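Colleague: Below you will find the structure I want to go over with you.
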Amino acid sequence: MFKNLLLATDGSEHSLRAAERAIDLANLTEGASIELVYVVDGSMSKSDVLQYGDSDSASKKREEILSVFKDKIEGAGIPVKVSILHGNPAETIINYTNRNDFDCLVVGSRGRSKVQTMILGSVSHKVMKHVNIPVLMVK
């Protein structure tokens, strides 16, 4: 069914739930794999460097966060690739998804209120509207 899955994560609890659903989907198809993608937002990158001391420390912290997801997926016996991209999260995920050969995108939803989403926008909502493949949004 879905052999090449893309899991977009921000390291949150919602992303962990999305990872569990991505594993469930991958287990439905023999030979399925998951690519884990994390997007470093420019403004977030600056605050990460300030918080962790330098860009190498910030990168190591991101890798630690992603290792939880990678270990979970590998522990389920599913091949996983990790990609760290830079840019606006919604736009970067949309472009990366549409330019590659994925069967399904799995993404977590933060569960913002309607007012928060209207004012701040939602990465998952924007992604759902603009990618060209099925999207599973996990709440």
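Colleague: Suppose we filter the range 48-67 for residues that are more than 22 Å from K3 (Cα to Cα), of a type in the set (A, V, I, L, M, F, W, C) and at pLDDT 75 or above; how many remain?
Modeller: Number satisfying all stated conditions: 1.
Colleague: Same structure, new question: What's the total number of residues in the range 104-127 that are modelled with pLDDT of 85 or more and either surrounded by 17 or more Cβ atoms within 10 Å (Cβ to Cβ) or assigned to a loop (DSSP other than H, G, I, E, B) (or both)?
Modeller: So the answer is 8.
Colleague: To continue, here is another question. Where residues in the range 91-103 are touching a residue at least 40 places away in the same chain (Cβ under 8 Å) and assigned to a helix (DSSP H, G or I), which of them is surrounded by the most Cβ atoms within 10 Å (Cβ to Cβ)?
Modeller: Residues of the range 91-103 touching a residue at least 40 places away in the same chain (Cβ under 8 Å): 92-93, 96-97, 100-103.
Imposing the further condition that a residue be assigned to a helix (DSSP H, G or I) reduces the set to 92-93, 96-97.
Working: T92: 19, I93: 25, Y96: 20, T97: 22.
Residue satisfying both the conditions and the ranking: I93.
Colleague: Oh, and also: Hey, could you check the range 69-90 for residues that are at pLDDT 95 or above and part of a helix (DSSP H, G or I) and say which is farthest from S124 (Cα to Cα)?
Modeller: In this case the residue turns out to be G75.
Colleague: Go through the range 65-100 and give me each residue that's of a type outside the set (S, T, N, Q), in contact with a strand residue (DSSP E or B) (Cβ under 7 Å, 6 or more places away or on another chain) and more than 11 Å from A19 (Cβ to Cβ).
Modeller: E74, P79, K81, V82, I84, L85, H86, G87, P89, I93, Y96
Colleague: Which of the residues belonging to the range 13-45 are farther than 19 Å from E91 by Cα and either of a type in the set (S, T, Y) or in a strand (DSSP E or B) (or both)?
Modeller: Of everything in the range 13-45, those that are farther than 19 Å from E91 by Cα and either of a type in the set (S, T, Y) or in a strand (DSSP E or B) (or both) turn out to be T29, S33, I34.
Conditions tested, residue by residue: (1) closer than 26 Å to N27 by Cβ; (2) β-branched (V, I, T); (3) out of contact with any Ser or Thr (no Cβ under 8 Å at 6 or more places or on another chain).
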| site | (1), (2), (3) |
| --- | --- |
| S67 | yes, no, yes |
| K72 | yes, no, yes |
| A76 | yes, no, yes |
| P79 | yes, no, no |
| S83 | yes, no, yes |
| G87 | no, no, yes |
| I93 | yes, yes, yes |
| F102 | yes, no, yes |
| L105 | yes, no, no |
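Colleague: Could I ask something else about it? Taking interchain pairs and intrachain pairs at least six residues apart, which have beta carbon atoms under 7 angstrom, with the first residue in the range 113-130 and closer than 10 Å to I93 by Cβ and of a type in the set (F, W, Y) and the second modelled with pLDDT under 50 and assigned to a helix (DSSP H, G or I)?
Modeller: Sorted first by the residue in the range 113-130, then by its partner, the list stays empty.
The values are calculated or read from the model by the stated rules, or taken from the named source; none is laboratory data. These numbers come from a predicted model, not from an experiment. Ideal geometry is used to build each Cβ from the backbone, glycine not excepted, and the neighbour counts take in all protein chains shown.
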